[in-house]
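The values are calculated or read from the model by the stated rules, or taken from the named source; none is laboratory data. Here the structure is a predicted model, which means the values were calculated and not measured. When we count neighbours, we look across all protein chains shown, and the Cβ atoms used for this are built from the backbone with ideal geometry, even at glycine.
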Amino acid sequence: MSAPSVAKLLQGSLDGFDFIGQGMQMYNGLRSHVMELYLQAASIDFSAIFTGKVKLRQPIQATMRAVLTESDLTTSFNTPFVIEKLQRLKY
């Protein structure tokens, strides 16, 4: 990261951010084979980071791509998190 980039980051500005993950499992048991997240310029409330949260100063443009395998879907639909949500459905 260059010096101007560090200065912008400390001010809470990002020119963009790409996140690509494979074989991810979220806290509630949901799994994804591949997840890609591409964010354009963002303005972050830097003081909120110290509380463990990310707070945006304005809306941002983002694109996300998720790939789920049959195994991922089967496992995810059988997690306590999803089962509880499905049991609450009224139809």
Any helices (runs of 4 or more DSSP H) falling wholly within the chain and containing at least 3 residues that are at pLDDT 85 or above:
70-77, 80-88
Of Leu89, Leu30, Leu73, which residue is among the hydrophobic types (A, V, I, L, M, F, W, C), farther than 22 Å from Lys8 by Cβ and surrounded by fewer than 13 Cβ atoms within 10 Å (Cβ to Cβ)?
Leu89
Considering residues of segment 52-91 that are closer than 22 Å to Gly16 by Cα and among the hydrophobic types (A, V, I, L, M, F, W, C) only, the residue nearest to the chain's Cα centre (by Cα):
Met64
